[in-house]
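See structure below.
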Amino acid sequence: MAHIPVDLQYTANKQSDSRPPIAALRNVSKVFGSVIAADALNLSIAQGEFLSFLGPSGCGKTTALRMLAGFEAPTSGDVLIDGQAVNDLEPYRRPVNMVFQSYALFPHLNVSDNIGYGLRQRRPRLSRGEIAGKVGRALEIVRLTGFESRRVWEMSGGQQQRVALARAIVNEPKLLLLDEPLAALDRKLRKEMQIELQDLQRQIGITFVLVTHDQEEALSLSDRICVMRGGRIVQTGSPQDLYDQPKSRYVADFVGTSNFFDGTIDAVVDGIATLATRSGLRLQGAATAGLSVGAAVCLSVRPEQIRMSRDAVPGGLACTVHNRIFLGEHTEYLVQHPALGTVNVLTPRLIESGDMSFQTGEQVHINWNPGRALVLSPD
Amino acid sequence: MTRSERNWLLVAPAAAWFVVMLVLPLSVIFVFSFGERGPAGGYVPAFTLEQYANLPARFTAFKNTMILAPVGTIAAMLIAYPLAYQLAVRTDPKWKTILLVLVIVPFWTSILIRSYAWIFILGGRGLPALLEMVGIEGVRLIYTPFAVLIGIIYGYLPLMVFPIYVSLDRLDKRLLEASADLGAKPLRTFLTVTLPLSIPGVATGCMLVFILLMGEFLIPALLGGGKVFFVGNALVDLFLQSRNWAFGSAVAFTLIVIMLVTVTVYMRVIARLQSGRDDVSIM
Ligand SMILES: Nc1ncnc2c1ncn2[C@@H]1O[C@H](COP(=O)(O)OP(=O)(O)OP(=O)(O)O)[C@@H](O)[C@H]1O
Ligand SMILES: [Mg+2]
């Protein structure tokens with residue numbers, strides 16, 4: 001999220017709420033034999049937004065995307081594009097284009113013929129001049145001008161990726177679907193392409209739906225993220241919402257990193273829940289809706305919310321510094337608590353400087369503001 | 001041993017094979033074709049162009065071969081393509097192997113025996129008899145060019161199906177999805193993606209079948225019944241029956257030259273069609 005000011009992103013989300021949905025899934029399920037690949041998916045995709053499906057391998061992301069593209073028909077439920085149910089509409093009739101994971105460029109066509117492929121299918125036909133003009137602009141957008149007559153296999157991975165992108169956006173689809181488009185690239189190139197993707201999306205204003213299992217990629221690119229698990233959508237929200245208000249341990253774990261402590265709720269006072277761990281410790285965190293006294297829960301504390309000091313503090317936990325990892329602007333500590341195990345603490349350089357730096361083996365006390373920790377359902 | 005000596009050693013077996021299998025027999029034929037028939041048949045050394053001057057005597061054989069070989073190749077290709085397409089693209093993977101084996105099974109028995117079956121089917125008591133029952137009389141099928149064509153297609157179909165099947169099976173199915181995604185209807189996808197990408201298989205199949213057909217003699221002998229004969233039949237006659245080796249050599253050499261010219265032109269055309277692509281090759 002380095003390059004998006006936080007307040008700007010919130011306004012973007014507010015806008016997207018008022019925009020009409022360009023596509024939607026209504027109770028969509030897809031069953032392959034005995035596998036439920038998509039389980040009652042409900043989702044509205046707003047005009048112009050950048051939405052990501054995020055989840056581990058096999059959770060049904062590609063299946064969801066392929067139903068939007070028209071390669072799979074839902075077993076039940078409706079896929080809507082522009083308010084119309086398109087369940088049985090063939091892919092070639094949908095105003096939707098897809099960037100395939102391995103690009104699927106046509107090996108027998110050169111770069112400009114690959115990009116112009118969709119334009120040549122238009123009826124009424126476009127003139128050669130029109131096609132050449134649009135292809136030229138698409139090449140400009142992906143910064144491949146001059147590569148027109150190159151053979152696609154003579155291009156590097158990143159260049160092929162950009163050709164695949166150009167081949168899709170040149171058709172000005174209402175919805176651009178991207179299935180792990182950056183997975184085949186090395187880390188550095190992936191970073192560059194992520195920024196390019198985001199710039200591109202802002203520049204052309206097409207709705208993007210991205211599939212990824214890389215949480216960093218989803219967090220940095222998306223207006224909204226759909227976290228999936230076993231064919232279901234478990235939570236949808238902006239990157240901040242998911243990070244700050246995860247509804248379950250699964251989401252908190254998948255989006256960012258967190259410390260988790262299991263226990264049962266002892267009491268709830270003013271929205272702050274006290275939970276008892278099995279070892280008898282009392283820990284506090286903000287109660288989330290639907291959890292009552294006696295429920296088995298999980299406390300999630302983000303590493304950067306934990307304060308660490310040499311002096312004992314009321315309600316603090318005494319730990320031993322186990323490991324210290326210097327990360328530049330942050331330092332990560334792994335501290336050991338006799339009952340809770342290893343706790344991950346992230347301290348900014350600012351605080352950590354001088355005598356606030358802790359050494360391995362040192363005795364420390366950790367605590368957190370209960371309002372900044374979350375009591376979640378344990379699954 | 002120097003590097004180049006070692007290279008020579010490595011190339012030697014291939015070179016020997018080339019000399020024994022190709023250069024030697026060809027040279028013999030070439031030399032014989034300028035000789036004369038001995039009084040009791042065989043070959044007598046000489047240098048005369050008489051044999052080549054005599055070629056028009058076998059014009060019909062050349063004409064039949066030059067018509068039926070390409071027509072048979074094209075007909076086999078037209079039938080093999082949909083078959084290979086069905087197998088490679090449409091068939092559930094778990095049935096593919098079984099169906100492929102079914103395509104090969106006919107190869108397990110000799111073409112001689114399989115052609116005899118066709119003699120019966122096309123002969124008087126086969127199809128024509130059936131046609132007579134529905135009132136179509138006087139149809140003659142056996143010992144016609146049509147019968148030979150049927151035999152050719154039947155005999156060479158598996159050889160055509162295989163290379164086409166391989167090129168279609170290798171085709172990345174996501175390219176077909178990409179094409180549909182970009183707005184191409186199924187027929188357009190077939191014409192602009194599937195077909196161009198399967199050309200190498202088609203080219204290989206056609207070449208294999210055509211070359212073998214140019215030397216075919218069994219099928220015309222059985223289904224052409226002496227009325228429709230190929231250059232191959234003429235050669236059998238000249239070498240085995242009338243024992244005119246000199247004239248036989250001239251006929252054989254002419255056939256080889258015609259074949260070389262045709263295949264060279266054909267390769268040029270295909271290479272141009274596929275120009276600049278490294279993901280395909282002919283054969
Ligand atoms: N055509 C199919 N036939 C049978 N099962 C399928 C098919 N396509 C997907 N599945 C199953 O559906 C489930 C979801 O698959 P999907 O490809 O949508 O996962 P994914 O989230 O995209 O995973 P990945 O990150 O590995 O690509 C998997 O269990 C998969 O095995
Ligand atoms: Mg996938």
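Pairwise over distinct Cα atoms, reciprocal of the mean inverse distance: report the Kirkwood radius of the range B:143-184 in Å, one decimal place.
When all Cα pairs of the range B:143-184 are included, the Kirkwood radius is 13.0 Å.
Taking every DSSP beta bridge with both residues inside the protein assembly as shown, roughly what % is antiparallel (nearest 5)?
Antiparallel bridges: around 75 percent, rounded to the nearest 5.
When you count, for each residue, the other Cβ atoms within 10 Å and take the mean per peptide, how do A:262-273, B:98-109, A:41-52 rank with the highest first?
On the way: A:262-273: 15.1, B:98-109: 11.8, A:41-52: 20.8.
Top to bottom by mean Cβ count within 10 Å: A:41-52, A:262-273, B:98-109.
Collect residues whose amide H, placed 1.01 Å from N in the peptide plane, falls under 5 Å from the amide H of A:A46; neighbours closer than 5 in sequence don't count.
For A:A46, the qualifying residues are A:I22.
Could you work out the per residue convex hull volume over the alpha carbons of the range B:1-55, in cubic angstrom?
124 Å³
Taking only Cα atoms of the range B:88-232, what ratio of Rg to Rh do you get with Rh as the Kirkwood inverse-distance radius? Each step should come with its number before you reach the end.
On the way: Rg = 19.6 Å, Rh = 17.9 Å.
We get a ratio of 1.10 for the range B:88-232.
Consider all pairwise Cα distances in the range A:264-376 and report the whole-number % of them above 26 Å.
22 percent
Sorted by packing (mean other beta-carbon atoms within 10 Å per residue), highest first, where do A:226-238, B:60-72 land?
A:226-238, B:60-72
Give the value in nm², to one decimal: projected area of the alpha carbon convex hull of the protein assembly as shown, averaged over all directions.
Projected over every direction and averaged, the Cα hull of the protein assembly as shown covers 49.0 nm².
Quick one: if you take sqrt(5λ) for each eigenvalue of the C-alpha gyration tensor of chain B, what semi-axes come out, biggest first, whole angstrom? Before the final figure, lay out the partial values.
On the way: eigenvalues 288, 198, 55 Å².
The equivalent ellipsoid of chain B has semi-axes of 38, 31, 17 Å.
Please compute, for the alpha-carbon atoms of the range A:106-227, the extent along each of the three principal axes and give them in descending order in Å.
Largest to smallest, the principal-axis extents are 43, 31, 21 Å.
Would you report the distance distribution of C-alpha pairs in the range A:6-244 as whole percents per 5 angstrom bin, up to the bin with the largest distance?
Computed distribution, short to long bins: 1, 6, 14, 18, 19, 17, 13, 8, 3, 0, 0.
Could you tell me how far the Cα centroid of the range A:189-236 sits from the Cα centroid of the range B:49-104, in Å?
53 Å
Determine which aspartates and glutamates satisfy two conditions relative to A:K134: a Cα distance under 14 Å, and not lying fewer than 8 residues away in the same chain.
Of all the aspartates and glutamates, those that pass the test against A:K134 - Cα under 14 Å, at least 8 places apart if same chain - are A:D113, A:E148, A:E172.
Every read-out reported here was derived from the displayed coordinates using simple, explicitly stated rules and does not represent laboratory data. Source: prediction; values computed, not measured. Glycine also receives a Cβ, built like all others from the backbone with ideal geometry; neighbour counts cover every protein chain displayed.
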